[in-house]
Amino acid sequence: MHLFRLFERRDAGVRSLAWVSILILSGCAGGISALSTTLAPAPNLYTFETGAEYPSELVAPGLRSTQGDILYVTNRDVAGQSEAGHSYGADRSQSMAFGVAGVDYGAVASWEELVTRTQTADLQTTTKLRRTGTREVARFPSIPLPFEPGGGRLQTTRDANAAYDARSSAMRAEVSARMKANGQSRVLVYIHGVDNEFDDAINTLATIWHYAGRQSLPVAYSWPAGNAGLFGYFRDSEAGSFSVFHVKEFLRLLASVPEVNQIDIVAHSRGNAVMMEALRELIIEARAAGRDPQNALKLGMLVMAAADIDVGVMRQRMVAERVGQAFEQINIYANPDDRALRLSSIFGKDTRIGGRDADSFTPEDLASFERIRTVNTILVEDAGGRYGHSYFRDNPAVLSDIVLALRSRSLPGTPFRPLDNELGSVVWTLHPDYPADPLPEMLDLESTSR
């Protein structure tokens, strides 16, 4: 509606601005699409004099390889099929697919060489990530499932329930077997933003999972983004709303696996809005059933990077609806120089939370987040990147903090995450040379927290 109002005005300059904004927004995630075929630069954590080395001795023997498996769930439509498996496009599918995507970490001769590159600056641009194939483990029935009247209300048919349960069991069995084999108890979920293809999600998660020490089972959720054309951003946003149902089903299934003790989530850009809407509904559902949402959904850490969500909406979710209390911790990374989010906010009322600066926090914001205690905003200095939008993956300082949070489970401002305090105890600053000082030994902590 805001867009139409802009065009109703007679001012030619305003009309031009609106069109330019759409053109830029339609490619706002281009920075990540262009870079996700290479392993991101090594985190400062491993290349600075921090005392922290890549935890190769904690990686399960079966995962010490120049290749890795990334599990995925997608409601993208199948774009093609070959000996390498399925490929997925930007069209929507009414059914959800669960599968395994293989990733090759480049032309390295051995695991030891990959570990060396992981701890060496300026070598990552030559390390090409390549998807080696996909294998669908389970293709869920299309929704809505067939239903019929029964018992005074509409019920899905017995055959439809049986078919859905069979696919659910196959997914749970695959997750369970992999976690048992590698001694894992956590799942690391990644959900992408607009203008991303299926391979972008796989490669980005492969990067974060590897740098974090391969301690969790990696599962990417890829929704039908990447719509082409002038209005691609808006088509992608609608596809995100379409995907909320399947994201809820995906999270329910993960939480139902006995071996899963905790689910960590990394969300980028518009993927934050998709994930937040799904989480909101699941949390309301759990509370209505008299269950504690964090325990029911096994929620651990939520990383919100460059979140394309209105600040006012986020206040409602985190404070009024108490979503923040359902997580061990929530880390919101914000870059006030994020041009993509600045343009996105043209079509709303408030700044996007991923584009906030220190002046955008009201005293009420600070007081609310300090009471919640789990929600922290981290302001990124000199984020870099084409639009300063994909820094969570490409900036060695930001990637260091994400890795430190996942490995140590520590809050900002603690010895394991020495961020500088900005406002109160919930807003922090992340400098380009972070972490600049030596860190405490982490290996003992990690071995007891897995």
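The values are calculated or read from the model by the stated rules, or taken from the named source; none is laboratory data. Computed from a predicted structure; not experimentally measured. In this analysis, Cβ positions are derived from the backbone assuming ideal geometry, glycine residues included, and neighbour counts consider all displayed protein chains.
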> Out of the stretch 380-418, which residues are of a type in the set (A, V, I, L, M, F, W, C) and under 17 Å from Ile353 (Cα atoms)?
Replying inline: Val380, Ala383, Phe392, Val398
>> Could you check the stretch 142-180 and list, in sequence order, the residues that are over 28 Å from Ser87 (Cα atoms) and among the hydrophobic types (A, V, I, L, M, F, W, C)?
In response: Phe147, Leu154
>> Among the listed residues Arg235, Arg252, identify the single one that is at pLDDT below 95 and within 26 Å of Ser142 (Cα to Cα).
In response: Arg235
> Counting just the residues of the stretch 144-169 that are at pLDDT 95 or above and among the small types (Gly, Ala, Ser), which one comes out farthest from Ala97 (Cα to Cα)?
Replying inline: Ala162
> Which of the residues spanning the stretch 293-324 are hydrophobic (A, V, I, L, M, F, W, C) and in a helix (DSSP H, G or I)?
Replying inline: Ala296, Leu297, Val311, Val313, Met314, Met318, Val319, Ala320, Val323
>> Which pairs turn up if I take residues in the stretch 188-208 that are under 21 Å from Leu251 (Cα atoms) and look for partners that are surrounded by fewer than 24 Cβ atoms within 10 Å (Cβ to Cβ) and among the aromatic types (Phe, Trp, Tyr) with beta carbon separation below 9 Å, at least 6 apart in sequence or on another chain?
In response: Val189/Phe250; Ala206/Tyr105
> Considering the stretch 397-423 alone, what residues qualify as being of a type outside the set (Gly, Ala, Ser), farther than 18 Å from Thr118 by Cα and outside any loop (DSSP other than H, G, I, E, B)?
Replying inline: Asp420, Asn421, Glu422, Leu423
> What do you reckon, is Arg172 of a type in the set (D, E, K, R), assigned to a helix (DSSP H, G or I) and either modelled with pLDDT of 95 or more or surrounded by 15 or more Cβ atoms within 10 Å (Cβ to Cβ) (or both)?
Replying inline: yes
> Give me the pairs: first residue in the stretch 409-424 and more than 14 Å from Ile378 (Cα to Cα), second residue hydroxyl-bearing (Ser, Thr, Tyr) and in a loop (DSSP other than H, G, I, E, B), beta-carbon distance under 6 Å, and six or more apart or on different chains, which are they?
Replying inline: Phe416/Ser410
> Taking the stretch 126-169 as the region of interest, how many residues are assigned to a helix (DSSP H, G or I) and either under 28 Å from the mean Cα position of the chain (by Cα) or polar (S, T, N, Q) (or both)?
Replying inline: 8
> Within the stretch 266-292, how many residues turn out to be part of a loop (DSSP other than H, G, I, E, B) and either buried (at least 19 other Cβ atoms within 10 Å of the Cβ) or not acidic (Asp, Glu) (or both)?
Replying inline: 5
>> Being assigned to a helix (DSSP H, G or I), modelled with pLDDT of 90 or more and either surrounded by 17 or more Cβ atoms within 10 Å (Cβ to Cβ) or among the acidic types (Asp, Glu) (or both) is the requirement here; does Leu71 meet it?
In response: no
>> Can you confirm whether Thr120 is part of a helix (DSSP H, G or I), within 30 Å of Leu39 (Cβ to Cβ), out of contact with any Gly (no Cβ under 9 Å at 6 or more places or on another chain) and not aromatic (Phe, Trp, Tyr)?
In response: no
